[in-house]
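Below is one structure, written out as structure tokens, with a few remarks after it.
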Amino acid sequence: MSELGQDVKFKTVIEKNTFYFHNRCFEERYEADLHSLKEILLTLRNEVDTHGLNKEFCEKLLLEKEHGLRALLALTGLSNETLKRLITLIRIKDDKELNVLVEKHKWCRKESVENLTEWTDSQILKLIRENKYFRKGVVSILFEGGTVPFLAQTIPLFELRKLSSSKLRFEIPEMIDTLIRYKEKGSYSGKKDNNAEVLIEAVLNKLNVTFETGDLSDLVSHAHATKRTMDFIIPNKSNPRVIVESSFLTTTSSGQGDKSKTEITIGSLIKQHYPESRFIGFIDGVGWYVRKGDLRRMVSAYEDVFTFREDELKRFEEFLVQFIS
């Protein structure tokens with residue numbers, strides 16, 4: 001059977017295009033879920049209008065309604081992923097005010113940081129059903145999380161503003177604010193100024209250290225299939241004395257394993273083709289914190305690693321002064 005011509009294949013895609021994939025059975029099932037969410041929120045709104053907003057009713061929704069948590073998150077604009085990161089943060093951090101707010105000692109046993117893994121959605125929902133103190137803690141975070149100094153210092157303001165009881169009162173200004181944050185989430189995440197790499201760049205500019213980004217010529221010539229674009233090549237591509245890669249992750253994914261394997265390969269190539277260069281990494285974020293296996297592989301790729309904490313940025317500055325001068 002001969003291969004179809006290029007024009008015939010091109011014409012097939014153009015003329016037979018379905019434009020948008022849709023599975024009618026799936027859509028009908030999903031519409032039922034959306035209807036359930038709407039009804040839960042209408043029930044909550046009626047309660048707020050009649051008796052005012054109170055934690056106990058929200059706790060009841062979490063306990064009795066299958067989609068109660070999803071409904072409250074929709075109203076606040078907080079994503080499920082962000083809530084999971086918050087729960088992980090609460091389990092990790094021993095902050096007195098935060099512990100009291102969520103009654104941590106009544107639902108969170110002491111855990112080894114070394115072996116800590118992030119809870120799945122099903123684990124969280126199960127604990128919500130079975131432990132009233134965890135249920136209370138989740139509601140307290142949605143009501144008052146923004147008032148806890150530790151969270152105010154740790155969570156981006158874009159997300160912190162969602163942790164307030166005002167988000168649950170169905171007030172028009174707050175609902176408009178939630179809509180705007182939904183709409184602008186992608187743009188907010190993609191802004192260069194919201195990228196942790198700007199902190200590395202600030203250190204380099206402070207020291208008047210030049211740098212370039214892009215491909216290393218020897219890797220292009222000898223390992224084109226495995227090379228990758230470098231974040232910072234100091235001082236330049238023709239004389240790469242320090243090569244810096246940055247990875248700040250607030251989410252987790254199976255791709256982290258692939259990323260760590262890639263970095264190990266790149267590290268080996270740099271040692272082979274640029275033996276006088278130093279290959280270092282900035283690895284940070286709760287996304288790496290809860291994927292210990294991937295993290296161990298990732299850090300093995302570098303001669304040294306830094307985080308974006310203030311004292312670590314200072315250590316990076318000292319490293320540059322010592323190595324570049």
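Key figures for this structure:
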item: Sparse-neighbourhood loop sites, trypsin sites (Lys or Arg not before Pro) in the stretch 1-90 - DSSP loop, at most 16 other Cβ within 10 angstrom; result: LYS16
item: Estimated 222 nm signal from helices in the chain, with DSSP H stretches of n ≥ 4 weighted -39500 (n - 2.57), rounded to 500; result: -18000 deg cm²/dmol
item: Set of lysines with alpha-carbon distance to LYS261 below 25 Å, sequence-local pairs under 8 removed; result: LYS227, LYS237, LYS271, LYS292
item: Longest site-free stretch - the chain; sites: GluC sites (Glu not before Pro), DSSP loop, at most 12 other Cβ within 10 Å; result: 172-275
item: Percent of Cα-Cα distances greater than 15 Å, calculated over the stretch 79-169; result: 59
item: The stretch 1-88: chymotrypsin sites (Phe, Trp or Tyr not before Pro) in DSSP coil with no more than 12 other Cβ atoms inside 10 Å; result: PHE19, TYR20, PHE21
item: The chain - percent of accessible surface contributed by carbon and sulfur, probe 1.4 Å; result: 53
item: Ellipsoid semi-axes in whole angstrom, largest first, where each is sqrt(5λ) of the Cα gyration tensor of the stretch 120-214; result: 35, 18, 14
item: 9 Å beta-carbon shell around PHE323, net charge (K/R +1, D/E -1); result: +2
item: Summed side-chain charge close to PHE170 - residues other than PHE170 whose Cβ falls under 12 Å, Lys, Arg +1, Asp, Glu -1; result: -1
item: Rounded accessible area per residue of the stretch 79-215, 1.4 Å, Å²; result: 57
item: CYS25 accessible area, 1.4 Å probe, all protein chains in place, Å² to nearest 10; result: 80
item: Share of pairwise Cα separations in the chain, more than 35 Å, in percent; result: 41
item: At q = 0.20 Å⁻¹, base-10 log of I(q)/I(0) for the stretch 1-142 (Debye sum, equal scatterers on each alpha carbon); result: -1.26
item: Distance-filtered residues of the stretch 294-312 - backbone nitrogen under 19 Å, label point 7 angstrom along ILE264 Cα→Cβ; result: 294-305
item: Distance in nm between pseudo-label sites at VAL113 and ASN205 (7 Å out along the Cβ direction from Cα); result: 3.2
item: Cα-based helix-to-principal-axis angle, 6-15 vs the chain, degrees rounded to 10; result: 20
item: Tilt relative to the chain, helix 132-144 - C-alpha long axis, 0 to 90 degrees, to 10; result: 70
item: Förster radius 41 Å - calculated FRET efficiency between SER300 and ASP121, Cβ distance, rounded to 0.05; result: 0.85
item: Qualifying lysines (Cα of each under 21 Å from Cα of LYS106; at least 8 residues distant if same chain); result: LYS55, LYS60, LYS84, LYS93, LYS96, LYS126, LYS132, LYS136
item: Environment charge of LEU204, counting only residues whose C-beta is closer than 13 Å and scoring Lys/Arg +1, Asp/Glu -1; result: -3
item: Gain on full stretching of the segment that runs from HIS51 to ASN131 - 0.36 nm per residue minus C-alpha separation; result: 26.2 nm
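The values are calculated or read from the model by the stated rules, or taken from the named source; none is laboratory data. Since we're looking at a predicted model, the values are computed, not measured. Quick reminder, even Gly has a Cβ in these numbers, built from the backbone with ideal geometry, and neighbours come from all protein chains shown. What goes into the accessible areas is simple: the full protein's heavy atoms, side chains included, and nothing from ligands, DNA or RNA. Shrake-Rupley method; radii C 1.70, N 1.55, O 1.52, S 1.80 Å.
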